[in-house]
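All remarks here apply to the structure that follows.
The values are calculated or read from the model by the stated rules, or taken from the named source; none is laboratory data. Just so we're clear, the structure is a prediction, and the values are computed from it rather than from any experiment. When we count neighbours, we look across all protein chains shown, and the Cβ atoms used for this are built from the backbone with ideal geometry, even at glycine. Keep in mind that these areas ignore ligands, DNA and RNA; they rest on the heavy atoms of the full protein, side chains included. Shrake-Rupley method; radii C 1.70, N 1.55, O 1.52, S 1.80 Å.
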Amino acid sequence: MEKVEQFLRGVELDNRTLITAAACGVGALVLMVRKVTSHREANDKIQRARNRRTESLQRAEQAVLRHKESHPTTDSAAILKLSLSELTKQLREGLLNPEDVFYSYMEKTLDVHKQLNCCTGILLESFDQLKTIGSNKDGLLYGVPISIKENIAYKNHDSSCGVLINLDQPVHKDSVLVEVLKRQGAIPFVKTNLPQGLLNYDCSNPIYGQTVNPHNLQKTSGGSSGGEGALIGGGGSLLGLGSDIGGSIRIPASFCGICGFKPTAGRLSSQGVRPIYRGQKSVLSSAGPMAKDVESLALCMQALLCDHMFSLDPTVPPIPFNVQIYQSSKPLRIGYVESDGYMQPSPSMARGIREVKALLEQAGHTLVPYSPLRMDYVATELLVKGILADGTTTLLQKLEGGPLDPCLRAQVIPYYLPKWLKRTLSFLLKPLSPRGSAVFNAISGVRSVSDLWKQHAAVEDYIQETIADWRRCNIDVLLCPVIGPAYNFLYCGKVTPMLSYTMLYNLLTFPAGVVHVSTVTAEDEEELKDYKGIHQDHWDKLFKQAVSGGEGLPVAVQCVALPWQDELCLRFMKEVEQLVKQSRD
């Protein structure tokens with residue numbers, strides 16, 4: 001009897017083992033099925049988005065061919081050579097008709113896209129808008145085709161920010177900026193590419209791929225408004241809208257040889273300009289214009305800063321564009337930055353500042369040396385910790401459900417580490433790499449709500465401290481380097497400390513713009529061989545690799561003013577642009 005009981009207990013144990021094994025097997029199978037299903041759903045989403053793009057491009061191509069057949073005498077080459085101010089004048093006077101302008105730019109955009117992969121889709125509604133454009137003849141941008149960054153809302157189109165989780169969610173209405181542009185007679189006709197998740201200054205995502213530089217196809221166009229930079233730099237658009245949280249307008253403008261302007265935070269409406277996540281208040285984003293010249297930026301700002309925008313978005317202060325300040329010619333007292341003390345500029349960045357400084361002095365302006373305050377502290381404790389105060393949790397949630405783009409991988413892999421490990425690495429790295437230690441501490445985020453409030457207070461204090469420092473130096477505006485020249489592929493995510501040159505002015509909320517002033521010379525390339533950097537660490541070595549092989553690429557400078565002095569900033573940019581042009585002539 002005892003043996004029978006032992007046998008039965010053994011059978012019972014074997015059954016439990018079998019049941020447990022079976023349950024584990026079923027669980028593993030369920031997980032595998034879920035993973036396969038999720039992978040298939042992700043691929044299906046990506047394919048649908050790509051199909052929508054392909055269809056829009058094909059339909060636009062067919063429309064262009066039909067127009068060319070019925071209008072064989074249209075001189076598209078002459079239209080494409082006109083500046084925005086010349087184009088608007090001829091449209092207003094009836095010397096050109098909007099249809100010829102629209103189709104000339106549509107054809108050029110399709111050609112540029114084939115070479116640079118800069119568009120996420122043609123806005124086919126623009127063909128219908130063209131038919132009724134005569135009702136907006138009084139608009140400042142009457143008949144002007146305009147490109148918009150993919151994250152700027154246009155009715156019935158996705159604003160994906162390059163992440164799968166946002167696909168197949170077409171917005172229900174236009175952003176305020178798009179509404180105002182339409183009221184001013186502009187025709188938004190194409191959406192442009194950006195990096196996965198926006199918080200990167202390359203321009204690649206798993207949905208639409210890598211956008212390349214119009215001056216060198218082996219270089220990136222920059223980002224996150226990189227599709228805009230490439231399209232305008234390649235001649236497919238003469239005016240575009242981007243957004244900027246850390247240099248996202250200014251860096252692609254620098255890389256692609258055009259002009260870009262980040263207004264004071266809050267000067268333009270942000271309704272319908274989609275960030276990758278909301279709620280972050282330390283480093284503020286701004287939408288702004290990108291174009292071939294400063295005059296076009298000013299005209300766009302003048303068109304946007306109108307009663308219609310102030311009515312649609314009452315949170316925007318009703319301050320119209322001050323033409324008098326923009327057209328002023330009084331001598332300025334200009335601070336100039338040679339290095340921010342955190343990252344050493346490339347030889348071409350430094351030379352651009354020296355040459356523009358000399359031109360400004362010759363023109364009668366006063367130049368005084370200036371250094372941003374406490375950049376070692378600001379770069380990590382206010383900039384990185386501000387943007388990633390939640391310890392990167394929300395960004396990683398937004399990246400779920402799809403592949404990680406190669407341009408982003410090096411940047412975000414450390415984000416996936418648990419917070420305790422990030423803080424441990426920060427402690428261990430302190431004697432070996434102080435800068436690396438500070439970054440690991442910063443991407444760990446803040447520990448509590450009270451610490452977040454302290455961080456916000458520190459940002460407010462720093463803004464006031466900087467304004468007081470400007471007044472102590474008695475400077476009107478600031479001339480400083482902007483990242484450049486255009487990087488080799490896959491380096492933007494590896495050299496994030498270089499963003500100190502642009503993101504600082506998002507933290508400060510100061511208006512800032514970029515003007516193309518030169519090109520990289522053989523001498524710059526030779527000097528780069530001796531580049532060591534300030535800290536002589538991993539990032540300095542990577543930056544040297546990132547900008548190598550840049551001969552002939554655009555070089556730019558950055559112009560900055562105090563908050564709400566956007567017109568003064570644009571006036572300063574125009575001054576730089578004109579002096580550079582005169583020196584070339």
| said: Consider region 402-445. How many of its residues are under 24 Å from the mean Cα position of the chain (by Cα), surrounded by fewer than 19 Cβ atoms within 10 Å (Cβ to Cβ) and assigned to a helix (DSSP H, G or I)? | reply: 7
| said: Scan region 314-328 and tell me whether some residue there is open to solvent by 70 Å² or more (accessible area, probe 1.4 Å), under 20 Å from LEU177 (Cβ atoms), among the hydroxyl-bearing types (Ser, Thr, Tyr) and part of a loop (DSSP other than H, G, I, E, B). | reply: yes
| task | Consider only pairs whose beta carbons are under 6 Å apart and that are at least six residues apart or on different chains; among these, list those whose first residue lies in region 136-148 and is over 14 Å from LEU87 (Cα atoms) and whose second residue is small (Gly, Ala, Ser). | result | ASN136/GLY185; SER147/SER237; SER147/GLY240
| request: Give the number of residues within region 491-548 that are in a loop (DSSP other than H, G, I, E, B) and of a type in the set (Phe, Trp, Tyr). | output: 3
| field | Residues satisfying the stated conditions in region 336-384, i.e. assigned to a strand (DSSP E or B) and either open to solvent by less than 40 Å² (accessible area, probe 1.4 Å) or closer than 30 Å to GLN280 by Cβ (or both) | value | TYR336, LEU367, VAL368
| remark: Across region 506-524, the tally of residues that are open to solvent by less than 10 Å² (accessible area, probe 1.4 Å) and either over 20 Å from GLY550 (Cα atoms) or of a type in the set (Ser, Thr, Tyr) (or both) stands at 7
| What is the number of the single condition among (1) within 27 Å of LEU408 (Cα to Cα); (2) open to solvent by 10 Å² or more (accessible area, probe 1.4 Å); (3) in contact with a strand residue (DSSP E or B) (Cβ under 8 Å, 6 or more places away or on another chain) that ASP293 does not meet? | (1)
| field | Those residues of region 373-410 which are on the phi < 0 side of the Ramachandran plot and either in contact with a Cys (Cβ under 8 Å, 6 or more places away or on another chain) or among the hydroxyl-bearing types (Ser, Thr, Tyr) (or both), in sequence order | value | TYR377, THR380, THR393, THR394, LYS398, CYS407
| query | Any idea how many residues of region 117-150 are under 17 Å from ALA303 (Cα atoms) and not acidic (Asp, Glu)? | reply | 14
| Within the set of pairs 6+ apart or on separate chains, which have a first residue in region 270-281 that is part of a loop (DSSP other than H, G, I, E, B) and surrounded by 15 or more Cβ atoms within 10 Å (Cβ to Cβ), a second that is modelled with pLDDT of 95 or more and charged (D, E, K, R), and C-beta atoms under 6 Å apart? | GLN271/ASP313; ILE276/LYS398
